[in-house]
Structure formats: C-alpha cells, structure tokens
Amino acid sequence: MRLGVLDVGSNTVHLLIVDAHRGGHPNPMHSEKTELRLAEHLEAGQLTRAGASGLVRAVARAKAAATIAGCEELLAFATSALRDAENSVAVLAQVRAETGVNLEVLSGEDEARYTFLAVRRWYGWSAGRLLVLDIGGGSLELAAGRDEDPEVALSLPLGAGRLTRQRLTGDPPARRDIDALAEDLDVILRPVARQIRQAGPFELAVGTSKTFRSLARLAGAAPSGARLPARQTLTDVGLRLLFGFISRMASADLASLDGVSRSRAHQLVAGALVAGAAMRTLEVSELEICPWALREGVILHRLDTLGISTPSRRPWPLTDQQPRRVINLTQ
C-alpha cells in the first residue's frame, strides 16, 4: 500500500510518501518540501491572504505529486501555525474548496502522542520507559511512558521559530535577550519537568526534529546514512560548548555550517536554548536522536487502523473528537 502524509508546519509543507505492507516498516519512496514559513504570515492572530494563497498552492502541488506517485491515501494535517490562526476555519475551507484536500489541525497533545508512537516503534520495547522531546517551529512537545500511548503528553508554545520572532530579534541575538529567555524557559519548564518525573523514571531520553538533528550534528554526531542512520546523540556538555559558539554568530554564518539549513539558521539559537532548558530541568545528560517523528507516527497510526501493522494500543481521539478525514486519491 502506498500512503502519502502531508505535514503543514510552521516552516515547511512536507510531503512524505511511503510503501507499507504487513509485517514490514514503512519504506520511504519520495519526500519533498515547500519552504512556506507559514507562521511568519500571521498578523494580529490572522493568517494573511498571501499566507493562505501560498498554502493553497503548496497543498495543490503536494496532492499532484501524491497522485502521480500512485498514493492510495493522503493523510494531511497541520500543526501550530494553523492552530494559532484565529481564521483557521476559513483557511481550511479555502484549502478544501480549491484543492479537495481536508487538512486536519492536530492538537499539541496529538502531536506529542503521534511522535511518541514513532519513537517507541523505532526503539522497540527493550528501550524501556521513554522520554521524548520534539522542538518544532511553533511548539515544544514532551511525552513519556512505557507503552505506545504515553502516560504524559504535553505541548508548550516554545517553538524555535516562535521564540526567535518574539524574543531574539537581533542577528546575532543580544546577550541580554538570550539571558532573559534562558531564565524564563527554566521558570516555565521546571513545573513541567516535575510533572513528567512524577509519572515515573525514564530509561531512555530521545530528541526528534530538525532542531535536535542539527544541534547533534554540530556537536559532533556522525551524519545519518541514507539507509542505516548512524547513532546520534546530543549531550548536555556538548550542547553547552556548542551554544557558546553559535550564540555569537549571525544567521548567514550559521547557514554555512554542516547540517544547518538556510531556512532554519536564524532560529537555531532559540532551538538550542529550548533544548538546553529542557535537558537541564528534566535532568537529562544525553539524548538519543531518533530519525522518526510526527509524520512517521501519523503513518503508523493509520496503518494500525487498516490492520497493516500490528495494533498494540487503543486509538486516541483528535481534538474535535471526529474521525480522521482522509483523501482517497484512487476515486
């Protein structure tokens, strides 16, 4: 079975196409991105007309690519940028009317749960109780538990892009702004960390997302291979040393570093601050970097409901308590 998953995030619109069969892992066949920076098109709480038009074009291109690739279904979802938009209902209606694609806006808790599922499947049961951290453009997701459905799943508006726009406006950021944000992050994350630790000790701490991958790469982790990803880790010591270096660099210079994309270079310092505060308050000295995250979690959950992969947990509801809307491209 060929599935497409369309992830409308704060920075990019990302289409991932996979082949799946009973007893096997989802095999990536095609991936393409449109750098839309949707969150930067929010003005006074509203997604601008230009932002909505850009989104329609990006979704139309992705649907066309999925059709050409022979996808049987397209799972389309949006995260924090559209969650934040007060006119998201109108924008979603426009996307549906002009492309035929029903975008589902995921709650932050759903993001955390789907990402946790992907990480659990990647590492397996032998990894024990997991802690999973995911830094996106608009939000930070945290989840912990022993099963495939986490016991704790949280989302905070602490994304790297959001904090860059709101708190770190200089290029490079001013030291006073960095220090003030670091202090505020500790205050916000301490009670969250206590809540997670009270749920029980974790045996493996994992980071997912482009931010963690970039930080790990800059701190010395080996690059991921095309077919067998190398084991990557990020240590608290390595992150502190790295931060002293990148916090003094302009975004144009950061973009020249190995593992840093030009479109995300400007938010790397904020991402590092969030990563450091999360590791510090959760008392984590090392994170494993997992190549699977939200998109893979959505795919795995859908395959479970179709009976293609082995179901091992109860399905969780989406925010609006409605069943997932799926576009069948074969009709």
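Tell me, yes or no, whether segment 172-190 has at least one residue that is in contact (Cβ under 8 Å) with a residue 12 or more places away in the chain, crowded, with 16+ Cβ neighbours inside 10 Å and outside any helix (DSSP H, G or I).
Within segment 172-190, one or more residues are in contact (Cβ under 8 Å) with a residue 12 or more places away in the chain, crowded, with 16+ Cβ neighbours inside 10 Å and outside any helix (DSSP H, G or I).
One line per residue, one yes/no per condition, for (1) open to solvent by 10 Å² or more (accessible area, probe 1.4 Å); (2) assigned to a loop (DSSP other than H, G, I, E, B):
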{"residue": "98", "(1), (2)": "yes, no"}
{"residue": "111", "(1), (2)": "yes, no"}
{"residue": "114", "(1), (2)": "no, no"}
{"residue": "119", "(1), (2)": "no, no"}
{"residue": "126", "(1), (2)": "yes, no"}
{"residue": "138", "(1), (2)": "no, yes"}
{"residue": "155", "(1), (2)": "yes, no"}
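Do we have any residue at all in segment 228-249 that's within 25 Å of residue 10 (Cα to Cα), in contact (Cβ under 8 Å) with a residue 12 or more places away in the chain, part of a helix (DSSP H, G or I) and open to solvent by 50 Å² or more (accessible area, probe 1.4 Å)?
Within segment 228-249, not a single residue is within 25 Å of residue 10 (Cα to Cα), in contact (Cβ under 8 Å) with a residue 12 or more places away in the chain, part of a helix (DSSP H, G or I) and open to solvent by 50 Å² or more (accessible area, probe 1.4 Å).
Which of (1) part of a helix (DSSP H, G or I); (2) open to solvent by less than 10 Å² (accessible area, probe 1.4 Å); (3) not aromatic (Phe, Trp, Tyr) is the odd one out, the single condition residue 83 does not satisfy?
(2)
Could you tell me which of the residues 222, 205 is open to solvent by less than 60 Å² (accessible area, probe 1.4 Å), among the small types (Gly, Ala, Ser) and at pLDDT 95 or above?
On inspection, the qualifying residue turns out to be 205.
Please go through segment 194-209 and pick out each residue that is touching a residue at least 12 places away in the same chain (Cβ under 8 Å), over 20 Å from the mean Cα position of the chain (by Cα) and assigned to a helix (DSSP H, G or I).
Passing the criteria: 195, 197.
Give segment 82-131 a look and list any residue that's acidic (Asp, Glu) and under 20 Å from the mean Cα position of the chain (by Cα), or say none.
Selection gives 84, 104, 109, 110, 111.
Please determine, by comparing only the residues of segment 1-34 that are in contact (Cβ under 8 Å) with a residue 40 or more places away in the chain and in contact with a His (Cβ under 6 Å, 6 or more places away or on another chain), which one is surrounded by the most Cβ atoms within 10 Å (Cβ to Cβ).
In this case the residue turns out to be 17.
Rundown of residues vs (1) open to solvent by 30 Å² or more (accessible area, probe 1.4 Å); (2) more than 26 Å from residue 290 (Cα to Cα); (3) in a loop (DSSP other than H, G, I, E, B), yes/no style:
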site: 57; (1), (2), (3): yes, yes, no
site: 60; (1), (2), (3): yes, yes, no
site: 75; (1), (2), (3): no, no, no
site: 101; (1), (2), (3): no, yes, yes
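Suppose the filter is in contact (Cβ under 8 Å) with a residue 24 or more places away in the chain, in a helix (DSSP H, G or I) and touching an Asp or Glu at 6+ places or on another chain (Cβ under 6 Å); does residue 295 pass it?
Judged against the criteria, residue 295 is a match.
Of the residues 213, 262, only one is within 19 Å of the chain's Cα centre (by Cα), open to solvent by 50 Å² or more (accessible area, probe 1.4 Å), within 25 Å of residue 79 (Cβ to Cβ) and without any contact (Cβ under 8 Å) to a residue 24 or more places away in the chain; which?
After ruling out the rest, the residue left standing is 262.
Within segment 234-261, can you find the residues that are among the charged types (D, E, K, R) and in contact with a strand residue (DSSP E or B) (Cβ under 9 Å, 6 or more places away or on another chain)?
236
Does residue 312 satisfy the criteria of being modelled with pLDDT under 95 and either over 30 Å from residue 72 (Cα atoms) or of a type in the set (Gly, Ala, Ser) (or both)? Spell out how you get there, then give the answer.
On the way: modelled with pLDDT under 95: yes; either over 30 Å from residue 72 (Cα atoms) or of a type in the set (Gly, Ala, Ser) (or both): yes.
Spelling it out, residue 312 is indeed modelled with pLDDT under 95 and either over 30 Å from residue 72 (Cα atoms) or of a type in the set (Gly, Ala, Ser) (or both).
The values are calculated or read from the model by the stated rules, or taken from the named source; none is laboratory data. Here the structure is a predicted model, which is why all the values come from computation and not from measurement. Don't worry about glycine lacking a Cβ; one is built from the backbone with ideal geometry, like all the others, and counts go over all protein chains shown. The accessibility values were calculated without ligands, DNA or RNA, using every heavy atom of the protein model including side chains. Shrake-Rupley method; radii C 1.70, N 1.55, O 1.52, S 1.80 Å.
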